[in-house]
Amino acid sequence: MATFILGIESSCDDTSAAVLRDTSLLANVMASQEVHRQYGGVIPELASRAHQQNILPVVSEALRLAGVTMADMDAIAFTRGPGLLGSLLVGTSFAKGLSLSSGKPLIEVNHLQGHILSHFVQDPASPHPVPEFPFLCLLVSGGHTQIVRVDDPLHFAILGHTIDDAVGEAFDKCAKLMGLGYPGGPVVDRLAKEGDPNRFRFAKPNVPGLDYSFSGIKTSLLYFLRDQLKEDPGFLEKNKADLCASFQKDLIDILLKKLILAVKQTGIRQVAIAGGVSANSGLRNRIEEEGARRGWTTFLPALRFTTDNAAMIAITGHYKFLAGLFAPLDIAPLSRAAEYGDRPADENF
C-alpha cells in the first residue's frame, strides 16, 4: 500500500511544501523571498514574517497539484533544523497545528539529512538511478561543508567537516568583495565561465585529515584585492571574470582534495554531492571528471533539489515513517545542527 507524506520546509528564506507517494514526487511548491536582495543577505525577522504569509497557500497549492487532501496523508514531515529559529518556528508550529486538526502523525527532519536524501526523490515521468549504500556525499551549502558516509537512509557518519566557514560563505564573500550582489554564488559561477581559472592563485589551507577550512582563502582574496586596487583602481573591473574563475577553481580544488582522500580511505566509490553549492557548474563538472578518471559512480542532484525544498524533507519523512520514527507534539525546533546532528564519524545524525 502506498505511503503519502506531506513535507514542509521553512529553514531559511524559502517556504516550500511537497507531497510524495512513496518516493515519487507528486508536487513541490516553493515561495521565495526577494526582499532580502536589497540587504545583501537574509534578514531573519523579515524571513519569519514572510513564512507566516506564505505557508498556508503553499501547502494548499501542493495538495491541490498532487490531487490529494489531508485525509490521504499518512504523516506530516517538517524541518526541525538547522536553520533560522524564527523561520523554523513558523514551519514547526504550522505542522503541529495541521497534525492536531488532521490527526496525522508528525515526523521531524534534519535539514542536512534531507539534502543528502534528495537523490532518492523520483520524478514519475523520468526516473533516475540512485546511489547504492554505502555511499559518500559531499554536502556543500552556505552554512555547512561536510563529507558524509551514508550507510542507509537513516544512518550517517560525518567523516570531515569545516572547522570554520562553509564553502558557500566563501562564494558569497567573493561576490560581496566584488560588488556582485546577493546571492553571490550563482553570479560567481556565471562569470567564472568567462574567465581564466589559472590567472590568479590564493592561499589554500593545510588542515589534517578530512576536515576543511575556508576562512584563510577568503582573507587571501580580501588582501589580494586591497593590494591590487591600491596600484590600479580599475583592477577589479578589468579582471572580474578571471578573479571569479580562479577563486572558484581554488575552492573546488580544496573540496575535491579531501573528497578524493575520503574515497581512498573508505574504499567507497559511490560518490554524490548535495546542498546549495552542488548547483555550481564548475563543481558538477569536476565531480564528473574525477569520477570518470578514478572509476567512481557519481550522482548529481537535479538543480531544483539543490536549493532548500520540501521534497527532500518529504523523502526523509518517508523513510522515517517506514521505521516508525514519529515526533511528539511538544517538539521544539533547533537552530544548530550540533544540538542533534553534527556528530563524529560512526555516530548517526
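The values are calculated or read from the model by the stated rules, or taken from the named source; none is laboratory data. What you see is a predicted model; the values in this text were computed from it and never measured. When we count neighbours, we look across all protein chains shown, and the Cβ atoms used for this are built from the backbone with ideal geometry, even at glycine. Side chains are part of the model used for accessible areas, which takes the heavy atoms of the whole protein and leaves out ligands, DNA and RNA. Shrake-Rupley method; radii C 1.70, N 1.55, O 1.52, S 1.80 Å.
With a 1.4 Å probe and all protein chains left in place, how much of the accessible area of the range 90-201 comes from carbon and sulfur atoms, in whole percent? Walk me through the numbers before you get to the answer.
Details: 2270 of 4270 Å².
Ligands and nucleic acids excluded, carbon and sulfur reach 53 percent.
Nothing charged except the Cβ atoms of Lys and Arg (+1) and of Asp and Glu (-1): what's the magnitude of the dipole of the chain about its Cα centre? Round to the nearest 20 debye. Don't jump to the answer; show the numbers that get you there.
Values: 33 positive and 38 negative charges, 110 e Å.
I would put it at about 520 debye.
For the chain, what is the calculated [θ] at 222 nm in deg cm²/dmol (nearest 500), taking -39500 (n - 2.57) for each run of four or more DSSP H residues and dividing by its residue count?
Working: 9 runs with 143 residues, N = 349.
Theoretical 222 nm ellipticity from helices: -13500 deg cm²/dmol.
Could you tally the net charge around ASP253, taking each other residue with its Cβ under 14 Å from the Cβ of ASP253, Lys/Arg +1 and Asp/Glu -1? If you can, show how the numbers build up before the last one.
Details: positive: ARG201, LYS204, LYS249, LYS257, LYS258, ARG286; negative: ASP250, GLU289, GLU290.
Here the charged neighbours net out to +3.
Which residue fluctuates the most in the chain, going by a Gaussian network model with Cα springs under 10 Å, if the choices are GLN228, GLN146, GLN248?
Fluctuation is largest for GLN228.
State the volume of the convex hull built on the alpha-carbon positions of the range 255-314, expressed per residue in Å³ and rounded to an integer.
On the way: hull volume 5.3 nm³, N = 60.
Cα-based convex hull of the range 255-314, divided per residue, equals 88 Å³.
Using the basic label-point model (7 angstrom from Cα toward the beta carbon), what is the ARG199 to GLU61 distance in nanometres?
My value for the distance between the label points is 4.0 nm.
Please compute the modelled spin-label separation between ALA125 and SER93, points set 7 Å along Cα→Cβ, answer in nm with one decimal.
Placing both labels 7 Å beyond Cα along the Cβ direction yields 3.7 nm.
Could you please put PHE326, PHE78 in sequence from largest to smallest accessible area, using a 1.4 Å probe?
I get PHE326, PHE78, largest accessible area first.
For the range 260-318 and the range 209-254, what is the separation of their C-alpha centers, rounded to whole Å?
When both Cα centres are located, 25 Å separates them.
Calculate, axis by axis, the spread of Cα positions in the range 1-156 along the three principal axes, and write the results as whole Å, longest axis first.
Taking max minus min along each principal axis of the Cα atoms, the range 1-156 gives 41, 39, 28 Å.
Return the distance in nm (one decimal) between the two label points of a simple spin-label model at GLN228 and LEU46, each offset 7 Å from Cα along Cα→Cβ.
Label-label distance for GLN228 and LEU46, simple model: 3.0 nm.
Rounded to whole Hz and in sequence order, give me ³J(HN,Hα) for the range 267-274 from the Karplus expression 6.51 cos²θ - 1.76 cosθ + 1.60, θ = phi - 60°, writing x for Gly and Pro.
Values per residue, Gly and Pro as x: x, 7, 10, 8, 10, 10, 10, 7 Hz.
Could you work out the relative contact order of the chain? I mean the mean sequence separation of Cα pairs under 8 Å and 6+ apart, divided by the number of residues, in percent.
Values: 743 pairs, mean separation 86.8, N = 349.
In percent, rounded to a whole number, it is 25.
Please report, in whole Å³, the volume per residue of the convex hull around the C-alpha atoms of the range 223-289.
On the way: hull volume 7.3 nm³, N = 67.
Hull volume normalised by residue count: 108 Å³.
Using only the heavy atoms of the protein chains and a 1.4 Å probe, how would LEU261, LEU159, LEU85 rank by accessible area, largest first?
Largest accessible area first, the residues go LEU85, LEU261, LEU159.
Looking at the range 66-137, I'd like the Rg to Rh ratio, where Rg is from alpha-carbon atoms and Rh is Kirkwood's inverse mean 1/r. Could the numbers behind the result be given before it?
Values: Rg = 15.0 Å, Rh = 14.4 Å.
Ratio value, two decimals: 1.04.
Restricting attention to the range 42-139, which GluC sites (Glu not before Pro) occupy a DSSP loop and are surrounded by at most 14 other Cβ atoms within 10 Å?
Numbers: sites: GLU45, GLU61, GLU108, GLU132; in loops: GLU132.
Loop-located and lightly packed - GLU132.
Sorted from largest down, what three extents in whole angstroms do the Cα atoms of the range 133-283 have along their principal axes?
53, 27, 23
By accessible area of protein heavy atoms, probe 1.4 Å, what ranking do TYR182, TYR223, TYR319, TYR212 get, highest first?
TYR223, TYR182, TYR319, TYR212
With the contact rule set at Cα under 8 Å and sequence spacing of 6 or more, what percent relative contact order holds for the range 57-131? All intermediate terms of the calculation are to be shown ahead of the outcome.
Details: 58 pairs, mean separation 22.5, N = 75.
Relative contact order comes out at 30 percent.
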